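As structure tokens, the structure follows; a few thoughts come after it.
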Amino acid sequence: MAVLGFMAASLPDPIGDHGRVSPRKQLARALEEQRLVRVVRRRRFAPCDGYVVSVSRSWSAIRVVTAGRPDGLMLFRTSDVHYLGKPASKRGPSQDAMEQAGLWPPTLPTLLDLYDVRAALFTAGSLAPVLAVSREPRRVSVGNIHRITDKRLQFQPLGADGQWTGQLSSWRLRSVTRIDLGSGALATQLAVAGLAPSTSATAVTTGAGEAADAATSLIHIEGEP
């Protein structure tokens with residue numbers, strides 16, 4: 001199973017009156033203002049820079065910015081957010097560059113549903129053939145969603161050699177804290193491994209052709225080196 005460990009970066013200075021405003025309201029304000037922020041979550045959870053594109057009681061999302069470039073989507077539990085801080089780089093991608101890539105204003109793809117963890121996984125798996133699913137602070141696994149039940153996720157992971165293992169892993173849904181899709185790193189891994197040998201149950205349910213087209217578009221736009 002492809003398992004990558006990571007350490008949370010040092011926490012940035014919080015923005016303004018974070019102590020008097022709930023994290024959910026901070027997210028909503030950043031969404032309204034279309035402001036580049038750093039999302040700081042629980043201790044030992046890695047922070048991430050980006051534009052907030054959706055806020056709900058259960059899950060939220062940002063369009064990730066890495067080294068000044070748009071770099072996919074990160075979905076995360078709203079309750080894990082500690083506060084919003086200043087991004088590592090004060091300069092994000094220019095509005096002109098985002099417009100040319102079809103990413104301005106920053107929005108959530110219409111196929112994604114953040115009602116709960118099942119909806120987030122199901123629709124993310126429909127949109128992208130390769131995801132990074134995190135069970136923080138210990139593990140992040142890269143692969144493809146095979147099946148989702150009421151309480152568990154069956155996941156087909158990439159192995160350490162970058163190829164599909166042909167085996168399934170099973171986790172409790174409540175252990176999932178973060179879902180990443182459409183990043184440059186994931187696009188590279190997909191290019192090496194190719195599509196999973198068996199189409200996921202999620203893709204079959206939503207229409208494999210439509211899901212593949214949407215995933216190709218997302219990776220092409222946001223996964224360029």
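The values are calculated or read from the model by the stated rules, or taken from the named source; none is laboratory data. Not measured: the values here are computed from a predicted model. Note: ideal-geometry Cβ built from the backbone for every residue, glycine included; neighbour counts use all protein chains shown. Surface areas here come from the heavy atoms of the whole protein model, side chains and all, with no ligands, DNA or RNA. Shrake-Rupley method; radii C 1.70, N 1.55, O 1.52, S 1.80 Å.
May I ask you to verify whether Pro93 is open to solvent by less than 20 Å² (accessible area, probe 1.4 Å) and free of Cβ contacts under 8 Å to residues at least 40 places away in the same chain? Please lay out each step first, then the result.
On the way: open to solvent by less than 20 Å² (accessible area, probe 1.4 Å): yes; free of Cβ contacts under 8 Å to residues at least 40 places away in the same chain: yes.
When the stated conditions are applied, Pro93 passes them.
Being touching a strand residue (DSSP E or B) at 6+ places or on another chain (Cβ under 8 Å), without any contact (Cβ under 8 Å) to a residue 60 or more places away in the chain and not β-branched (Val, Ile, Thr) is the requirement here; does Gly50 meet it?
Against the criterion (touching a strand residue (DSSP E or B) at 6+ places or on another chain (Cβ under 8 Å), without any contact (Cβ under 8 Å) to a residue 60 or more places away in the chain and not β-branched (Val, Ile, Thr)), Gly50 qualifies.
Please specify each residue of region 164-176 satisfying the condition of being more than 19 Å from Leu108 (Cβ to Cβ), touching a helix residue (DSSP H, G or I) at 6+ places or on another chain (Cβ under 8 Å) and either open to solvent by less than 20 Å² (accessible area, probe 1.4 Å) or modelled with pLDDT under 95 (or both). Give the derivation first.
Within region 164-176, the first condition is being more than 19 Å from Leu108 (Cβ to Cβ), and the residues that meet it are 164-175.
Okay, now just the ones that are also touching a helix residue (DSSP H, G or I) at 6+ places or on another chain (Cβ under 8 Å), so 164, 173-174.
If the condition is that a residue be more than 19 Å from Leu108 (Cβ to Cβ), touching a helix residue (DSSP H, G or I) at 6+ places or on another chain (Cβ under 8 Å) and either open to solvent by less than 20 Å² (accessible area, probe 1.4 Å) or modelled with pLDDT under 95 (or both), then Trp164, Leu173 are the ones that fit.
Looking at Arg43, Arg29, Arg57, Arg20 in this structure, which one is modelled with pLDDT of 90 or more, out of contact with any Ser or Thr (no Cβ under 6 Å at 6 or more places or on another chain), not in a helix (DSSP H, G or I) and not aromatic (Phe, Trp, Tyr)?
Numbers: Arg43 fails: modelled with pLDDT of 90 or more; Arg29 fails: not in a helix (DSSP H, G or I); Arg20 fails: modelled with pLDDT of 90 or more.
None of the others qualify; the one that does is Arg57.
Keeping to region 107-142, report how many residues are part of a strand (DSSP E or B) and either among the acidic types (Asp, Glu) or more than 27 Å from Arg43 (Cβ to Cβ) (or both). So that I can check it myself, show each step before the final result.
Kept after step one, since they are part of a strand (DSSP E or B), are these residues of region 107-142: 131-135, 139-142.
Next, only the ones that are either among the acidic types (Asp, Glu) or more than 27 Å from Arg43 (Cβ to Cβ) (or both) stay: none.
Count: 0.
Starting from region 99-127, keep only residues that are over 23 Å from Leu36 (Cα atoms), then list their pairs with residues that are surrounded by fewer than 16 Cβ atoms within 10 Å (Cβ to Cβ) and modelled with pLDDT under 90 whose Cβ atoms are within a distance under 9 Å, requiring at least 6 positions of separation or different chains.
As it stands, the answer is Leu111/Glu210; Phe122/Thr205; Gly125/Ala201; Ser126/Thr205; Ser126/Gly207; Ser126/Glu210, since those pairs meet every condition given.
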